[in-house]
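The values are calculated or read from the model by the stated rules, or taken from the named source; none is laboratory data. Only a predicted model underlies this, so the values are computations on that prediction, with no experimental measurement involved. Virtual Cβ from ideal backbone geometry, glycine too; neighbours counted across all protein chains shown. The protein model used for the area step is the full one, side chains on, heavy atoms only, and it has no ligands, DNA or RNA in it. Shrake-Rupley method; radii C 1.70, N 1.55, O 1.52, S 1.80 Å.
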Amino acid sequence: MATAQHDGLIQKARKLEEQALQELQALSSTRHCEEFRVKYLGRKGQLAQLLDGLQALAPDQRAEAGRLLNALKEMLTAKLEQRLAEFAHIEKEARLRAEALDVTLPGRRQKLGSLHLITQVTKELEDIFVRLGFEVVSGPEIETDYYNFEALNIPKDHPARDDWDSFYLDGFDDLLLRTHTSPVQIRVMQQRRPPVKVVCSGKCFRRDATDATHSPVFHQIEMLWVDKGINFAHLKGTILAFLEEFYGKGFEARFVGDYFPFTEPSIQVHVRRKGTEKWLEILGAGMVDPAVLQEVDYDPEEYTGFAFGLGVERMAMLKYGVDDIRTFYQNDMRFLEAF
Ligand code: FA5
């Protein structure tokens, strides 16, 4: 009985060997090799089933059949490894061919991003001021009440505070998002002695109702020039010079009286395209108030100065024919790509 089982097992092993060798020849990929491994050499594969059959054999037959089956397993494993190595090589070659880069092919055009129009205009204006001899400085967007108002001659109960309805920081009575870039004037003058000739650009924040020319977040460029003998003619000349540099000859400007607690006299400047009706207010300006100079320990008898703060969005609207300030911030790709 045991002999018949032994012979049957050996026969099955021979058949398995023959079939497996044929299949090994026919394998055509690493994936097929894996299928082969599972079928013949896996834990529940055909060889494992034959090995299970050893239990039923007499000890001496079991040893002999066991050796045979193990030799068969080793032989098939070695041949499978060989085939795997062949396919790994072939598949790597194919992958390299597929991934090959033809460096002689002509390049394909890639669309690059571009600077936002407000950034472009800010840079252009800063460049103009640098050519006029000004130094670019910066200041914080979160300001104290002192720099944003008090030092600029706007005490707590001053009605002018209504012109700059402010965003205060929750839990900090004294901190707000700056309503204009004028606090940078104070910061610079505290740190330097005259002559001071600086510009500063940046974001400003106001609780303004949004409309075609007002945005709660917008950009200003502040300019300050303090020295001996600076007068209103310097103010007017500088403003006209940079406006002409920025807009060219096709625009005209007018000066209108205004009021700011930190300048005296104060003006605002309107600009329009020649031949059109509508003026747009683009900046506020004036001669630095003596009280502000005193606040930073400059002697108003010795030094005078002028300053202005212009709206970058408004400047851009006029130059590029943008009717509504909100267009800058709607992220419409057609608008963004136009510049
Ligand atoms: C001021 O902010 C003063 N600090 C300007 C100044 C500086 C005067 C130095 C004297 C000396 P005003 O609030 O007018 O002023 O704003 C100046 C400019 O900022 C305006 O002319 C306008 O172009 C722009 N602007 C003001 N509010 C807004 C807003 N909500 N949206 C867009 N632009 C604005």
>> Just want the answer: with Cβ charges of +1 for Lys and Arg and -1 for Asp and Glu, which residue in F339, V322, L16 is farthest toward the dipole's positive end in the chain?
In response: L16
>> Taking the Cα centroid of segment 270-339 and of segment 134-195, what is the distance between the two, rounded to the nearest whole Å?
In response: 17
>> Counting just the Cα atoms, what span does segment 4-98 cover along each of its three principal axes? Round to the nearest Å and put the largest first.
In response: 57, 18, 17
>> Please list, in order, the residues from segment 58-90 whose amide nitrogen is less than 20 Å from a point placed 7 Å along the Cα→Cβ vector of T30.
In response: 77-90
> Any idea what the dipole of segment 117-336 comes to, in debye rounded to 20, about its Cα centre with Lys/Arg Cβ at +1 and Asp/Glu Cβ at -1?
Replying inline: 980
> Stretch D157-R192 to full length: gain in nm at 0.36 nm per residue minus the Cα-Cα span?
Replying inline: 9.6 nm
>> Give the lysines whose C-alpha is closer than 23 Å to that of K15, dropping any in the same chain fewer than 8 places away, or say none.
In response: K39, K44, K73, K79
> Between R161, R37, R206, which gets the highest mean-square fluctuation from a Gaussian network model of the chain, Cα cutoff 10 Å?
Replying inline: R37
> At a 1.4 Å probe, what is the % contribution of carbon and sulfur to the accessible area of the chain?
Replying inline: 51
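Compute the length gained on full extension between R254 and Y329: take 0.36 nm times their separation in residues and subtract their Cα-Cα distance, giving the result in nm to one decimal.
Once the chain is fully extended between R254 and Y329, it gains 24.1 nm.
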> Where does the chain land at 222 nm, in deg cm²/dmol rounded to the nearest 500, when only DSSP H runs of n ≥ 4 count, each adding -39500 (n - 2.57), divided by all residues?
Replying inline: -13500 deg cm²/dmol
> When the Cα centres of segment 1-79 and segment 239-260 are compared, how far apart do they sit, in Å?
Replying inline: 96
> How much accessible area per residue does segment 4-98 have, in Å², with a 1.4 Å probe?
Replying inline: 66
> Residue farthest toward the positive end of the dipole of the chain, with Cβ of Lys/Arg at +1 and Asp/Glu at -1: which of L68, I118, A212?
Replying inline: L68
>> Let's see if you can work this out: charge +1 on each Lys and Arg Cβ, -1 on each Asp and Glu Cβ, no other charges. What is the dipole magnitude of segment 42-178 about its Cα centre, in debye to the nearest 20?
In response: 1900
>> Using Cα springs under 10 Å in a Gaussian network model of the chain, which residue among S201, S28, S182 shows the largest mean-square fluctuation?
In response: S28
> For the chain, how big is Rg over Rh, using alpha carbon atoms and the Kirkwood form of Rh?
Replying inline: 1.55
> If you plug each phi of segment 30-41 into the Karplus form 6.51 cos²θ - 1.76 cosθ + 1.60 with θ = phi - 60°, what whole-Hz ³J(HN,Hα) values come out, in order, with x for Gly and Pro?
Replying inline: 5, 5, 5, 4, 5, 4, 4, 4, 5, 5, 9, 10
>> Just to be sure I follow the rule: in segment 117-336, considering lysines 8 or more places apart or on different chains, how many pairs have Cα atoms under 15 Å apart?
In response: 7
> PRE reach from K278 (point 7 Å along Cα→Cβ): which of segment 201-233 fall under 12 Å by backbone N?
Replying inline: 212-214
>> If you count only protein heavy atoms with a 1.4 Å probe, what accessible area per residue comes out for segment 117-336, rounded to a whole Å²?
In response: 47
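Could you tell me the calculated FRET efficiency between R131 and A338, based on Cβ-Cβ distance and R0 = 25 angstrom, to the nearest 0.05? The partial results should precede the final answer.
On the way: r = 27 Å, r/R0 = 1.08.
Given R0 = 25 Å and the Cβ-Cβ separation, E is 0.40.
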